[in-house]
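Written out below as structure tokens is the structure these notes cover.
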Amino acid sequence: MSASTKRVVETASQEKAAQVYAVLGFAIICVAIGVPLWWKTTTVYRVALPFDKIASLSTKQIRYTIDIAVVVTNDKIKRHDLEEFRRRLSTTLSAEFVGVGAQPPSFQYKVVVRHLYEDEQMLFNKAISLRDLDDGLTALKVLDEYGSYTVYVLSQTSQLLGEKIHLGRHRNLFAKSDKDLNGIVTLLASTVRRNVVNEQAVYEMLNLTGGASTLESLEVGITLHLISNYQKND
């Protein structure tokens, strides 16, 4: 074999060896780097759930907060008398709810007492019926300032309200005061707790939804209950 032929054969062997090394190097890179990288980027991240804490939610007490705005139409009542009325009503409303079975919710009433706003006073002056007054007060959207419920305490001589207390169609409650505001505290508190909020129905809804572990279902249930409660007065 001539020297030139030997060089050709050696060159060909070197090229084949280089190709083999290249293939092996690529395979090693794929196995050593590519596979771990693929595994890392495609694995679903799973967080360890605190099952013990989740299970304990059903034994925790739910706090149910209700905002009540009490509007006294008699502007002759002094501010310190309004504050005393607010304090007594808050104390009466805060009486603990007693339920049998599951952990009863804690009902917390936030009470604000004030006089009529100017726009509200104009509606009272022009009102012909309690229904029109109820609709007009709702159109003012004064409920947004304090929350879900507003109690209007009318004077003892008001001709708009024939009964002692009336539940409106739009989460408004109308009550006729005695000579002393404190004389209607018990009646107002009882009406709000039993007829407006209906604490017993909320408690039963809580039992049906399995306690605090299903707060979303409880919230939906309470909302539906409140809607149906006021539709009865429509």
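Find the residue count for segment 72-99, including only residues that are closer than 15 Å to ARG193 by Cβ and open to solvent by less than 30 Å² (accessible area, probe 1.4 Å).
Of the residues in that region, 5 qualify.
In the list LEU206, LEU173, LEU188, LEU160, which residue meets the criterion of being open to solvent by less than 60 Å² (accessible area, probe 1.4 Å), outside any strand (DSSP E or B), within 27 Å of HIS80 (Cβ to Cβ) and not polar (S, T, N, Q)?
Criteria check complete, one pass: LEU188.
Being closer than 29 Å to ASN207 by Cβ and of a type in the set (Phe, Trp, Tyr) is the filter; apply it to segment 84-140 and report the residue that is modelled with the highest pLDDT.
Once the filter is applied, the top-ranked residue is TYR109.
Yes/no matrix, rows are residues, columns are (1) outside any loop (DSSP other than H, G, I, E, B); (2) in contact with a Gly (Cβ under 7 Å, 6 or more places away or on another chain); (3) surrounded by 10 or more Cβ atoms within 10 Å (Cβ to Cβ):
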site: PHE26; (1), (2), (3): yes, no, yes
site: PRO36; (1), (2), (3): yes, no, yes
site: ARG46; (1), (2), (3): no, no, no
site: LEU49; (1), (2), (3): no, no, no
site: TYR64; (1), (2), (3): yes, no, yes
site: ASP67; (1), (2), (3): yes, yes, yes
site: VAL70; (1), (2), (3): yes, no, yes
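Pull up segment 145-154, narrow it to residues that are at pLDDT below 85 and within 14 Å of VAL71 (Cβ to Cβ), then point me to the one that is least open to solvent (accessible area, probe 1.4 Å).
Taking the candidates together, the pick is GLY147.
The values are calculated or read from the model by the stated rules, or taken from the named source; none is laboratory data. Predicted model only: the values in this text are computed from it and were never measured. FYI the Cβ positions are ideal-geometry reconstructions off the backbone, even for glycines, and counts take in every protein chain you see. Surface areas here come from the heavy atoms of the whole protein model, side chains and all, with no ligands, DNA or RNA. Shrake-Rupley method; radii C 1.70, N 1.55, O 1.52, S 1.80 Å.
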